[in-house]
Amino acid sequence: MATNGKKNNKRRIVKVKMNFSMKNIFLYGFVLVFIIFLFTAFEQPFTNNQTVPLSQVLQDVKSGKVKEIDVSDNKFTAKEKDGTSVDAVIESSANTYQIFHDAGINPNKTQIVIKDNSGFNNWINILSSILPVVLMVAFFYFIFRQARGAQENIFSFGQSRAKLFNRDTPKVTFADVAGVDEAKQELTEIVDFLKNPQKYKAMGARTPKGVLMVGPAGTGKTLLARATAGEAGVTFFSIAGSEFMEMLVGVGASRVRDLFATAKKAQPAIIFIDEVDAIGRQRGVGIMGGHDEREQTLNQILVEMDGFAPTEQLVVIAATNRPDVLDPALIRPGRFDRRVVLDLPDIEGRKAILAIHARGKPFSEDVNWERLAKRTVGFSGADLENMLNEAAILAARLGKKVIDMKDLEEAATKVKLGPEKKRLQTEEDKKMTAYHEAGHALVAWEMPHVEPIHRISIVSRGMTLGHTMMEPIDRVHETKKHLIEQIAVMMGGRAAEELVFDEMTTGASNDIEKATQVARAMVVEWGMSDLGPINLNTDSQQSFYESSKISPEMQAKIDEQVKKITDTGYQNATKILKILKKKLDILAEELMKKETLDADEFATLIGPKKALVPATVRL
């Protein structure tokens, strides 16, 4: 107890740290001036005393009502015996005792307390005279300092904003990249050159100055660039194309110069420019012509890449998913010598990517990686990583110890279509959705070149009220028959609605949009129409003043062919569903009950195909 008492009696010293920056000096100064103003304006405490003439106060003193008088500067405060107080104003130079003498009052009749505030007032006067001058000097000093800092910041705009990954940074190697074996093989020579430059110089080979990596988003362009630097063990500078741009003209070019100068000092090194199309677009193209800042930045990159000496070990890697908009001067040999294409991974690539991202996650024994790789056709490496992460989150939310196949299936559907939404739908809406999805499924089931059914559901996901998923197949070539059958499947939902309800709904808007896109591509890009093998694509970049390359007559023929293809798909879907009307009703009723049917349940419910292709319309 004694020990606790001693602890409680210890004094605690609180250290107040004040930051005497210019900003705080201004703050403290203004607070002090405000306090002085308050003391000057209200030197006496706030009271509710009544102010009365001095004669009344003197009369009260004579009659013995006053117990004490406080004298302060030019004011009498009379405290009476009943507890009340009144104030009276006197001249500041008046003598209190003389006032009492002139009034014929004995000063000893009451207690007189005289308060002298002259010292405090003197300090107030001194501070009120000096502080404004001090604050004015400090204000101008602050302004000049800010102006000098702004000038320094203007000159610092030209410094590179690239992120530096040196040899001590945790390395990413080719072992961490999968699904892009051909691209890794191309970059292996770059790694070997940076490691063993003498071997190539002996053969008269020069440094590959630049490598342009082209591919869809999420295929691993940035990761592969870092892996190249990690394999070679060199310094890695990473910057996005948009980081060169600034509101001041010429800053981008300055940053390019600074980046290349810094990289040359750190060689062997790799400079990685992500989204290079932000600064590498073709000059003088577009509605508004060129852009001075972007073109100056591009010109500086061209100059820097031309200035590499044969002995320099510096490689520039750039990434883009829009190579068609790049300036020809940027991608010519001698600047970006190589073009490495990264495609979406095939089944073996997806299996390898899944193996990499599955590290550190517990999976159940029922997980079939082969089936999962087949299930995820069209997924990029980023999609696969996101899918495994979503599966892990789902398993943790449900309190599981391991991730099973059901979690992976749900995660794959979520990545592709979005999360489930428990929308409140009327029975009529659910019935329309069920027939719509049943129409898609039955038309797909009877088409010989369309992928098998994987799942049918009327559960809302993302922007859709339901979905019919096929088992995707890796395809190298698209055929005319497959595309026409795909359009028929897309039209199956609208055909079912009209067949059953004799009504059209807005639910088929996305199907119609996609079918029209495919049909137009068949006509204008792939030459799969009566117009013959001719490219009529008008989506390429052209000047605002450039006239269309297609005549109005040809445009009318294109529209006619597009309509013919979509009409054929719709007619095929309608004919199949009229023949399979009973199965359409059975399938829709089952969807109303279970909401989701997998491939096995669908096959058991519908039975074998009836080979209705001869009944369909041919183009």
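Residue separation times 0.36 nm, minus the C-alpha to C-alpha distance between Trp369 and Asn196: what's the value?
Fully extending the segment from Trp369 to Asn196 adds 58.3 nm.
Determine the sum of side-chain charges near Gly493: Lys and Arg each +1, Asp and Glu each -1, restricted to other residues whose C-beta is under 12 angstrom from that of Gly493.
-2
Under the √(5λ) rule applied to the eigenvalues of the Cα gyration tensor, what semi-axes describe the equivalent ellipsoid of region 347-417? Give them in Å, descending.
18, 13, 11
Assuming R0 = 30 Å, what is the FRET efficiency of Ile579 and Gln555, from their Cβ-Cβ distance, to the nearest 0.05?
0.20
Sort 362-368, 432-438, 462-468 by the packing proxy (mean of other Cβ within 10 Å over each peptide's residues), most packed first.
Top of the packing list down: 432-438, 462-468, 362-368.
Rank the residues Glu385, Glu498 as a footprinting-exposure proxy: fewest other Cβ atoms within 10 Å of their Cβ go first.
Glu498, Glu385
Fewest to most neighbouring Cβ within 10 Å: what's the order for Thr568, Thr219, Thr228, Thr173?
Thr173, Thr568, Thr219, Thr228
Let me check I've understood the local charge: for Val191, count other residues with C-beta under 12 angstrom from its C-beta, Lys and Arg +1, Asp and Glu -1. What total comes out?
-2
Calculate, for Ala138 and Ala266, the FRET efficiency according to 1/(1 + (r/R0)^6) with r their C-beta to C-beta distance and R0 56 Å; round to the nearest 0.05.
0.80
When Lys and Arg each count +1 and Asp and Glu each count -1, what net charge do the other residues less than 14 Å away from Ala358, Cβ to Cβ, add up to?
Around Ala358, the surrounding residues sum to -3.
I need Thr596, Thr566 ordered by Cβ neighbour count within 10 Å, fewest first.
Thr596, Thr566
Bear in mind these aren't lab numbers, they're just calculated from the coordinates by the rules spelled out. Keep in mind that what you see is a predicted model, and the values were worked out from it rather than measured. Every residue, glycine as well, gets a Cβ built from its backbone with ideal geometry; the counts of neighbours run over all protein chains shown.
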